[in-house]
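The structure appears below as structure tokens.
Only the coordinates and a few stated rules stand behind these numbers; no lab work does. In this text the structure is predicted, and so the values were computed from the model without any measurement. For neighbour counting, all protein chains shown are included, and Cβ atoms are generated from backbone atoms with ideal geometry for every residue, glycine included.
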């Protein structure tokens, strides 16, 4: 570690006292109020605003985007939060529900690499290349591979099939831990699912990637969210950040608005992009739900969280081409649960070259590991700093295997943990991927408990990631639109 290298210990919580009222100029009522600005909330707001409705979006943080966001640090560093690989379907979603400019900025990754004791190779991460790898590298019969892909393609989340992903793999590739690693490891990083989760949580996401490979947004998340904000404003959405919503107002059994910053604002409908648990228990209140429904929601498990190590490369330094996305591990065999180990041997490196941010000559690397909140929540301040330092040092040591000498080029190191994500996003336990699959019906059907109240976000695993969140926003926006039309008919 060079003398210039530092661990950034400062923090800003985005809740500093403001000199002005964040709700200044806000109307007394809207057709829809959206709580939270993750990609589901942003997309839902845009869909409803395009339909000619009056929309207010309230975000507790100073940045929009939820987990799809960024931060800047001294020295010219810009870091994107989370892994930004998504299927080609994101182009269609952005073209249809945002604009052509945003869709045109979505580009395919040039490289995805696996490097572990069982195999080491580059892949285009699509069906053609995975078929080739499974047949020619792993020796799986062609007909087995074709049947496997056909089975996945036929899956949908309405199926009543409780086979686990592990059982699915054993059915098609019995005893092949190396094949299970190839198929499962990247999806575990993409949505937090494991071999013990229902196969549908794997199959739909994997099939989406197999269509055309992995894509990202050229320009960085800051540019994407800026363009989305411009589109929202153009369509008439009233955007307000640094606004903590205290309560969703329910009267006569129906959601009729919110209370925030000492004000009550009315609405024909409310869509929450907060977690489904926080929405029901904190923002609404248990008295507005059926007891059996509430118990079912309590039993819904939140998904795992993440850790990330952000590595800023000193201005003027360069990195050789390695790959865009590197799934690496020193673990001899695959165990999906071990991906969340506090001191695990597996991590994913996202390499941000100048091509990622056209016009920039800077390089950054982000190391990501899945994590359990319980491993971090009770650490003392001293233990917490020690754990973060060890995580950074382990990540850099792993990276040195692929980029010898990179330690000397790093001048900024910062670590995010489940406690970090919990603080900034207010997600229970810092969950990166919402809830497990059993949470999906509670999210999708929230309006059946409280008419006029809807939920969208990273939930149920298959509705996670950039594409899943955006499309879920569309699904719920269509329900909101139908509800608002019904209100118009009643009031006509």
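So here's what we get for this one:
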read-out: Mean shadow area of the chain over all directions, Cα convex hull, nm²; value: 23.5
read-out: Mean ellipticity per residue at 222 nm, deg cm²/dmol - from DSSP H runs of n ≥ 4 across the chain, formula -39500 (n - 2.57); value: -10500 deg cm²/dmol
read-out: Spacing of the two label points (7 Å from each Cα toward its C-beta) at residue 218 and residue 21, in nm; value: 4.6
read-out: Exposure proxy order (Cβ contacts within 10 Å, fewest to most) of 406, 48; value: 406, 48
read-out: Spacing of the two label points (7 Å from each Cα toward its C-beta) at residue 137 and residue 343, in nm; value: 3.1
read-out: Relative contact order %, segment 355-476, counting alpha carbon pairs below 8 Å whose residues are six or more apart; value: 16
read-out: Relative contact order (percent, whole number), segment 151-265, Cα cutoff 8 Å, 6+ residue spacing; value: 19
read-out: Residue order, fewest to most beta carbons within 10 Å, for 247, 50; value: 247, 50
read-out: Calculated FRET value between residue 147 and residue 119, using beta carbons and R₀ = 25 Å, to 0.05; value: 0.65
read-out: Residues 37, 115, 367, sorted so that the one with the fewest Cβ neighbours within 10 Å comes first; value: 115, 367, 37
read-out: Kirkwood Rh and Cα Rg combined as Rg/Rh, segment 126-212; value: 0.92
read-out: Extended-chain gain in nm, criterion 0.36 nm per residue less alpha-carbon gap, residue 251 and residue 263; value: 2.7 nm
read-out: Angle between the chain longest axis and helix 39-50 axis [Cα atoms, degrees, rounded to 10]; value: 40
read-out: Residue 298/residue 177 FRET efficiency (R0 30 Å; Cβ-Cβ; nearest 0.05); value: 0.25
read-out: FRET efficiency estimate (nearest 0.05) - Cβ-Cβ, residue 62 to residue 389, R0 30 angstrom; value: 0.60
read-out: Stretchable slack from residue 110 to residue 28, in nm (0.36 nm times residue separation minus alpha-carbon distance); value: 24.6 nm
read-out: Contact order relative to length of segment 126-212, as percent, for alpha carbon pairs under 8 angstrom and 6 or more apart; value: 39
